[in-house]
Amino acid sequence: MEAFNKIDGFLEEIKSANPADAEALETFRIRFVGSKNVLKGLFGEMKTVPNERKKEFGQAMNALKQAAEAKYNAVKETLEAASDASARQDMDLSLPSPPDPQGSRHPVSIVMNRMIDIFEKIGFVVAEEREIEDDWHNFTAMNTPADHPARDMQDTFYLKNSITNLLRTHTSSVQARVMTTQKPPIRIIAPGRVYRNETISARSHCQFHQIEGLYIDEKVSFADMKQTLLYFAREMYGPKTDIRLRPSYFPFTEPSAEMDVWLGTDTPATKKLTKGTGWLEVLGCGMVDPNVLKNCDIDPGKYTGYAFGIGIERTAMQNFNISDIRLLFENDVRFLQQFSSVI
Ligand code: DAH
């Protein structure tokens, strides 16, 4: 029977085919497996097959098709395995691996960690607190009267539909949190993010970081504060650094001061940083106002203390020569990668 002979012929051809490379296999695929394969032409032979043998013919056709696919898949697998093996032979296992991309610390974290280390060495303990605060901890407890300009809606981000919940405007709120939950002696530093409704520019942002310091005990004096801050300045800026304390005003301290460190005017950089004066403003500080102690149920007759607040961004920008504060919050990896060698 002519049609059956054709099937046998193709089957023979498929069995004996032995494609040796990818190209030969592709030729085989096009002839026997592809969408226009030669086996499809055999369906036309069906009409020459007598009715009683049509079923047998159909089954033979199926078997032929399966034989073609099986052959194709088997050869493909063998060829792929061979090519993998030869690739492996070309591999030089003694070559050093390409370097892993290194993560890097954010410049703000680098500076913050350095400051934390300095204060931890002399017994300050880190206190971390919430960024969403209430009016009382952020302002009232900190002796900031209701009509104080710092409370102005212009400066403070209040939560939607709330006049009491806000994003803390300074880490001083942690003072109130700690003093209402711990008994003196208290010796903490509180690093963290703060928020103010400021127009964003190269020099100011609506979010930034501070480290708050608080020390409360019996007989804590202004001299204690000065010595601690001098120690900090010398650890941070070099062992010969001089400081000066300028009288200032903060609602939560009395007396209040601002601390400058002496950088000099020897280089163009220090001249610019210090606006020609040689002095760089670093932090605000003072003796904790007795009203703050009272607000937090600590007896101001028995205890005194000092507090200070340091801004992080400005120091980070000085240390790493960053001219635009916005870079610190954009998280552009091309910027962040530049700090991968700093711990
Ligand atoms: N909270 C002040 C600010 O945000 C900084 C500050 C000044 C903190 C004096 C203090 C302090 O603890 O004693 O500008």
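For residue 289, are the conditions met, namely being farther than 29 Å from residue 104 by Cα and either within 11 Å of the ligand (Cβ to nearest atom) or touching a helix residue (DSSP H, G or I) at 6+ places or on another chain (Cβ under 9 Å) (or both)?
It is true that residue 289 is farther than 29 Å from residue 104 by Cα and either within 11 Å of the ligand (Cβ to nearest atom) or touching a helix residue (DSSP H, G or I) at 6+ places or on another chain (Cβ under 9 Å) (or both).
One residue is enough: does region 74-84 have a residue meeting the conditions among the β-branched types (Val, Ile, Thr) and not assigned by TED's automatic domain parsing to the domain that holds residue 189?
Within region 74-84, one or more residues are among the β-branched types (Val, Ile, Thr) and not assigned by TED's automatic domain parsing to the domain that holds residue 189.
Any residue at all in region 95-103 that's within 16 Å of the ligand (Cβ to nearest atom) and among the polar types (S, T, N, Q)? Before the answer, list the steps.
Filtering region 95-103 for residues within 16 Å of the ligand (Cβ to nearest atom) gives none.
Among the residues of region 95-103, not one is within 16 Å of the ligand (Cβ to nearest atom) and among the polar types (S, T, N, Q), which makes the answer no.
Quick check on region 15-56: of everything there that is of a type in the set (S, T, N, Q) and more than 53 Å from the chain's Cα centre (by Cα), which residue is nearest to residue 82 (Cα to Cα)?
18
Out of (1) loosely packed, with under 15 Cβ neighbours inside 10 Å; (2) modelled with pLDDT under 90; (3) within 28 Å of residue 200 (Cα to Cα), what's the single condition that is false for residue 343?
Residue 343 satisfies all of (1) loosely packed, with under 15 Cβ neighbours inside 10 Å; (2) modelled with pLDDT under 90; (3) within 28 Å of residue 200 (Cα to Cα) except (3).
Which condition does residue 189 not pass, out of (1) away from the ligand (no atom under 11 Å from the Cβ); (2) part of a strand (DSSP E or B), if it passes all the others?
Of everything listed in (1) away from the ligand (no atom under 11 Å from the Cβ); (2) part of a strand (DSSP E or B), residue 189 misses just condition (1).
Is at least one residue of region 160-172 open to solvent by 30 Å² or more (accessible area, probe 1.4 Å) and touching a residue at least 40 places away in the same chain (Cβ under 8 Å)?
no
Residues of region 55-71 being closer than 17 Å to residue 10 by Cα and open to solvent by 40 Å² or more (accessible area, probe 1.4 Å), which ones?
If the condition is that a residue be closer than 17 Å to residue 10 by Cα and open to solvent by 40 Å² or more (accessible area, probe 1.4 Å), then 56, 59, 62, 63, 65, 66, 69, 70, 71 are the ones that fit.
Filter region 237-268 down to residues that are over 25 Å from residue 145 (Cβ atoms) and away from the ligand (no atom under 12 Å from the Cβ), then give me how many there are.
Counting residues in region 237-268 that are over 25 Å from residue 145 (Cβ atoms) and away from the ligand (no atom under 12 Å from the Cβ) gives 17.
Please give the number of the condition residue 298 fails out of (1) among the hydrophobic types (A, V, I, L, M, F, W, C); (2) under 25 Å from residue 111 (Cβ atoms); (3) more than 14 Å from the ligand (Cβ to nearest atom); (4) not in a strand (DSSP E or B).
(2)
Among the residues of region 202-230 satisfying the criterion of being within 13 Å of residue 329 (Cα to Cα) and either free of Cβ contacts under 8 Å to residues at least 12 places away in the same chain or part of a strand (DSSP E or B) (or both), which is least open to solvent (accessible area, probe 1.4 Å)?
209
Among the residues that make up region 303-312, is at least one of them in contact with a Phe, Trp or Tyr (Cβ under 6 Å, 6 or more places away or on another chain), within 14 Å of the ligand (Cβ to nearest atom), part of a strand (DSSP E or B) and at pLDDT 95 or above?
So far as region 303-312 goes, yes, one or more of its residues are in contact with a Phe, Trp or Tyr (Cβ under 6 Å, 6 or more places away or on another chain), within 14 Å of the ligand (Cβ to nearest atom), part of a strand (DSSP E or B) and at pLDDT 95 or above.
Looking at region 132-153 only, could you name the residues that are more than 14 Å from the ligand (Cβ to nearest atom) and under 15 Å from residue 194 (Cα atoms)? It would help to see each step written out before you state the result.
Filtering region 132-153 for residues more than 14 Å from the ligand (Cβ to nearest atom) gives 132, 134-136, 140, 145-147, 152-153.
Of everything in region 132-153, those that are more than 14 Å from the ligand (Cβ to nearest atom) and under 15 Å from residue 194 (Cα atoms) turn out to be 132, 134, 135.
In region 54-84, what residues are touching a Phe, Trp or Tyr at 6+ places or on another chain (Cβ under 8 Å) and farther than 17 Å from residue 17 by Cα?
57, 60, 61
Write out, first by first residue and then by second, each pair whose Cβ atoms fall under 7 Å of each other, whose residues are 6+ apart or on separate chains, and whose first residue, in region 37-49, is in contact (Cβ under 8 Å) with a residue 40 or more places away in the chain while the second is loosely packed, with under 14 Cβ neighbours inside 10 Å.
46/54; 48/2
Hey, among 23, 45, 52, 12, which residue is surrounded by 14 or more Cβ atoms within 10 Å (Cβ to Cβ) and of a type in the set (Asp, Glu)?
Being surrounded by 14 or more Cβ atoms within 10 Å (Cβ to Cβ) and of a type in the set (Asp, Glu) holds for just one of 23, 45, 52, 12, which is 45.
The values are calculated or read from the model by the stated rules, or taken from the named source; none is laboratory data. Nothing here was measured: the structure is a model prediction, and the numbers come from that model. Positions of Cβ are generated from backbone atoms using ideal geometry, with glycine treated the same way; all protein chains shown enter the neighbour counts. These area figures cover heavy atoms from the full protein model, side chains too; ligands, DNA and RNA do not enter into them. Shrake-Rupley method; radii C 1.70, N 1.55, O 1.52, S 1.80 Å.
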